[in-house]
Amino acid sequence: QVQLVESGGGLVQAGGSLRLSCAASVRTFSSFAMGWFRQAPGKERELVAAINRSGQTTYYPGFVKGRFSISRDNAKNTAYLQMNSLKPEDTAVYYCNADLEFGKILGERGDYWGQGTQVTVSS
């Protein structure tokens, strides 16, 4: 069983930055691909970043490319999402996702989810 705990959310002004962390309680963290998703009120959940097990491959959808950056520290069992140039439309609950298969993260079918952290961007 994998437990994921997100942290780092909060209130920030437009143009500001936040770094989210996802701590995983699993011995084999390096075996898991990781992803960050978000869900705004009334909207469907969407993928914002994904990273493979080694950290050498990342994926970003167009609407965050150049602003968000995903990374991981396998020694600390932690994945990160650095968010820069934040916009009010980035306001959402952000969730961490883990799966042994990178493709399942990209397909929004990862097995393990955190409880989410709220990000609010004011205009």
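The values are calculated or read from the model by the stated rules, or taken from the named source; none is laboratory data. Just so it is clear, the structure is predicted and the values come from calculations on it, not from any experiment. Don't worry about glycine lacking a Cβ; one is built from the backbone with ideal geometry, like all the others, and counts go over all protein chains shown. To get the accessible areas, we keep the full protein, side chains included, count just its heavy atoms, and leave off ligands, DNA and RNA. Shrake-Rupley method; radii C 1.70, N 1.55, O 1.52, S 1.80 Å.
Descriptive notes on the structure:
- Check on residue 91, at pLDDT 95 or above, β-branched (Val, Ile, Thr), over 20 Å from residue 11 (Cβ atoms) and surrounded by 14 or more Cβ atoms within 10 Å (Cβ to Cβ): no
- Lone qualifier among 82, 118 - being surrounded by fewer than 18 Cβ atoms within 10 Å (Cβ to Cβ) and touching a Ser or Thr at 6+ places or on another chain (Cβ under 7 Å): 82
- Answer residue from segment 1-30, given it is more than 12 Å from residue 90 (Cβ to Cβ) and β-branched (Val, Ile, Thr) and is least open to solvent (accessible area, probe 1.4 Å) among those: 2
Quick grid of which residues meet (1) buried (at least 19 other Cβ atoms within 10 Å of the Cβ); (2) modelled with pLDDT of 95 or more; (3) among the charged types (D, E, K, R):
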site: 32; (1), (2), (3): yes, yes, no
site: 37; (1), (2), (3): yes, yes, no
site: 46; (1), (2), (3): no, yes, yes
site: 58; (1), (2), (3): no, yes, no
site: 61; (1), (2), (3): no, yes, no
site: 72; (1), (2), (3): yes, yes, yes
site: 86; (1), (2), (3): yes, yes, no
site: 103; (1), (2), (3): no, yes, no
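- Matching strands (runs of 3 or more DSSP E) fully within segment 4-109 where at least 1 residues are over 17 Å from residue 121 (Cα atoms) and free of Cβ contacts under 8 Å to residues at least 12 places away in the same chain: 68-73
- Residue 110 meets all of the listed conditions (1) more than 19 Å from residue 7 (Cα to Cα); (2) surrounded by fewer than 21 Cβ atoms within 10 Å (Cβ to Cβ) but one, namely (2).
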